[in-house]
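Encoded as structure tokens, the structure appears first; notes follow it.
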Amino acid sequence: MGVKTQLDNRLRLCADFVRRGARAADIGTDHAYLPVWLCRNNICPSAIAADINPEPLSRGKLTIDAAELGDRVEARLSDGMQAIGENEADDIIIAGMGGELIADIIDRCPYAKSKAKHFILQPMTKSEVLTARLCANGFEIDAQDCCVSGGKCYTVLSVFYTGRAIKRDETYYYLGELDPRHNATHLRFVRSHIERLRKQAKGEARFAALADKLEAYCD
């Protein structure tokens, strides 16, 4: 089995937010490409490749073995972060899931509200739901970016717990820290929100007003 040496744009953007020297945990790892890449490139001294299902975890083990990184990357069966101890990871990546599920995983983690922990989050859907729940629970987005991979546009959030629960204008939950006026990829991502809101407005008029407010950030 060959070892994958490059990440796609989505996983590479997640990797870009990982702090050098941090121990990583990749939740929902599937093939374990990200934790293997982080350790092989000496970004992280160690990593846990975690998945809730045995089948994808077995694929991850193959990747780890092929890279000869069994001493630094551990494949672990885990429902979210439940099987990962507080002192085992500093940077926690949760990618490739819906925004609601990511928020649920964080809610169920007993040590998520530690200011020493850093979350790198990549929602496939409902990023606005994830952002709203983060804000309500005292988490802050310190950086956010977007990329295009496989013809689709994705966003990645870098998040820390501050303890300051903030109720923001609803547009923030869709925009986060993105700058659609000055970044074409950010603009593409925000416009996907606007298109979805226009469709939702056919059933509930308030979504049209929200779409109009987001349009103002794109001009």
(request) Would you please give the residues with an amide H less than 5 Å from that of LEU7, counting only those at least 5 places away or on a separate chain, with H modeled from the backbone geometry? (result) none
(request) Using DSSP to define loop residues, name the GluC sites (Glu not before Pro) in segment 49-106 whose beta-carbon has at most 12 other beta-carbon atoms within 10 Å. (result) GLU68
(message) If you split all Cα-Cα distances of the chain into 10 Å bins from zero, what percentages do you get per bin, shortest first?
(response) 8, 33, 34, 18, 6, 0
(request) Give the long-range amide H neighbours of GLY96: residues separated by 5 or more places, or on another chain, with amide H under 5 Å away, using H modelled in the peptide plane at 1.01 Å from N. (result) GLN122, MET124
(request) Considering Cα pairs under 8 angstrom that are at least six residues apart, work out the relative contact order of segment 69-164 and quote it in whole percent. (result) 27 percent
(request) Report, by chain and number, residues whose modeled amide H sits under 5 Å from the one on ALA75, excluding near sequence neighbours (fewer than 5 apart, same chain). (result) ALA49
(request) Specify the angular offset, from 0 to 90 degrees and rounded to the nearest 10, of the alpha carbon long axis of helix 99-108 from the longest principal axis of the alpha carbons in the chain. (result) 60 degrees
(message) Could you tell me the calculated FRET efficiency between LYS199 and ARG168, based on Cβ-Cβ distance and R0 = 22 angstrom, to the nearest 0.05?
(response) 0.40
(message) How far apart, in nanometres, would the label points at ALA143 and GLU86 be if each is projected 7 angstrom from Cα along the Cα-to-Cβ direction?
(response) 2.7 nm
(request) Below 29 Å Cα-Cα, how many Lys pairs turn up in the chain? Only count pairs eight or more apart in sequence, or on different chains, if you could. (result) 24
(request) Please compute the Cα-Cα pair-distance distribution of segment 85-167 with 5 Å bins starting at 0, giving whole percents from short to long. (result) 3, 15, 28, 27, 16, 7, 3, 1
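Readers should treat all values here as calculations from the given coordinates under stated rules, not as data from a laboratory. Note that the structure is predicted; figures quoted are calculated from it, not measured. Glycine gets a Cβ as well: all are built from the backbone with ideal geometry, and neighbour counts include every protein chain shown.
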